[in-house]
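**Student:** Below are the structure tokens for one structure; questions will follow.
Bear in mind that the values in this text are calculations on the coordinates, not laboratory data. Because the structure is predicted, anything quoted here is derived from the model rather than measured. Quick reminder, even Gly has a Cβ in these numbers, built from the backbone with ideal geometry, and neighbours come from all protein chains shown.
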Amino acid sequence: MNSDVVRQVTGLRETVARLHRELTRYDLVAWTAGNVSARVPGQDLMVIKPSGVDYDDLTADCMVVCDLNGTVVDGAGSPSSDTAAHAYVYRAMPEVGGVVHTHSGYATAWAARGEAIPCWLTAQADEFGGEIPVGPFALIGGDDIGKGIVSTLSGHRSPAVLMRNHGVFTIGRDARAAVKAAVMCEDVARTAHLARALGQPLPIAQADIDSLHDRYQNVYGQRGATGRPATS
Ligand SMILES: [Zn+2]
């Protein structure tokens, strides 16, 4: 790695370590489950959480740098057991700069039923542009999870997929956007669950979903700061 890449990697180690604290802050993970990664811009490299390290002990120094085949390039520990899935997404979706995985409770309950979350909330239309889709059942190891994520999210507005019987994977233009999508996915999943438990939630007209999504992605807040990568 030349000095510019080393500088980029050093910054991303800090960013990825700090973003893992958001997973515990929003109660999205148990024990050592869950992981965040970031692509090193312009390089075939990513920074990802080490496997099996307590969240309290995750520092910039223990983050692992891998190439986009999941081979360790820099770092003392072994990378997350979900590294192959993250790497597959970065190889297949060049516009993606961050990937997050959790087993957050409400969203994973929808995944356990293999049920997409219908768009019953304006906040969901804003962030996800419609339903949050379900991906296929896939075993860990190899490319099956990565393939399932990419095949479900390619051409879809949602930056989140509920992998069947497993949990949530989110993508973003950078790691922070992917973490935001993971937080919002759980929030939407919880409210949708509560709404349906109490009765039949009301649908939102497709034209209104389109309008909400367009406004949120293009007008609300800092332009380009939210949601899916710009090319999707
Ligand atoms: Zn998992």
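**Student:** Restricting to segment 3-219, compute how many DSSP beta bridges are antiparallel as a %, nearest 5. Write down the numbers at each step before the final one.
**Tutor:** Working: 24 of 26 bridges.
Just about 90 percent of them are antiparallel.
**Student:** Can you list the chymotrypsin sites (Phe, Trp or Tyr not before Pro) in segment 98-159 that are in a DSSP coil and have 14 or fewer other beta carbons within 10 angstrom? It would help to have the intermediate numbers written out before the result.
**Tutor:** Details: sites: 106, 110, 120, 128, 137; in loops: 120, 137.
Counting only loop positions with at most 14 other Cβ atoms within 10 Å, the chymotrypsin sites (Phe, Trp or Tyr not before Pro) in segment 98-159 are 137.
**Student:** Which one of 105, 60, 209 is farthest out on the positive end of the charge dipole of the chain, using unit charges on Cβ (Lys, Arg +1; Asp, Glu -1) and the Cα centre as origin?
**Tutor:** It is 209, whose Cα lies furthest towards the positive end.
**Student:** Amide H of residue 73: which non-local residues (sequence gap of 5 or more, or other chain) have their own amide H closer than 5 Å, using H built in the peptide plane?
**Tutor:** When sequence neighbours closer than 5 places are left aside, the close amide H contacts are 65, 66, 67.
**Student:** Another one. Please list, in order, the residues from segment 99-118 whose amide nitrogen is less than 16 Å from a point placed 7 Å along the Cα→Cβ vector of residue 200.
**Tutor:** In segment 99-118, the label zone of residue 200 (backbone N under 16 Å from the point 7 Å along Cα→Cβ) covers 118.
**Student:** For the chain, what value does the Rg/Rh ratio take when both radii are computed over Cα atoms and Rh is the Kirkwood radius, given to two decimals?
**Tutor:** Details: Rg = 17.0 Å, Rh = 17.6 Å.
Using Cα coordinates only, the ratio equals 0.97.
**Student:** Ok, one more. Please state the relative contact order of the chain as a whole percent: Cα pairs under 8 Å, 6+ residues apart?
**Tutor:** On the way: 489 pairs, mean separation 45.5, N = 232.
Once normalised by length, the contact order is 20 percent.
**Student:** Amide H of residue 98 versus every other amide H placed in the peptide plane: which residues, excluding those fewer than 5 positions away on the same chain, fall under 5 Å?
**Tutor:** 39, 172, 174
**Student:** Using helices alone, what [θ] at 222 nm do you get for the chain, with -39,500 (n - 2.57) per DSSP H run of 4 or more residues, divided over all residues and rounded to the nearest 500? List each step's numbers first, then the result.
**Tutor:** Details: 7 runs with 96 residues, N = 232.
So the helix-based figure for the chain works out to -13500 deg cm²/dmol.
**Student:** Output ³J(HN,Hα) for segment 175-180: one whole-Hz value per residue in order, computed from phi by the Karplus curve 6.51 cos²θ - 1.76 cosθ + 1.60 with θ = phi - 60°, and x for Gly and Pro.
**Tutor:** Once rounded to whole Hz, the list reads 5, 4, 5, 5, 5, 4.
**Student:** Taking the Cα atoms only, what angle lies between the long axis of helix 144-153 and the longest principal axis of the chain, rounded to 10 degrees?
**Tutor:** 50
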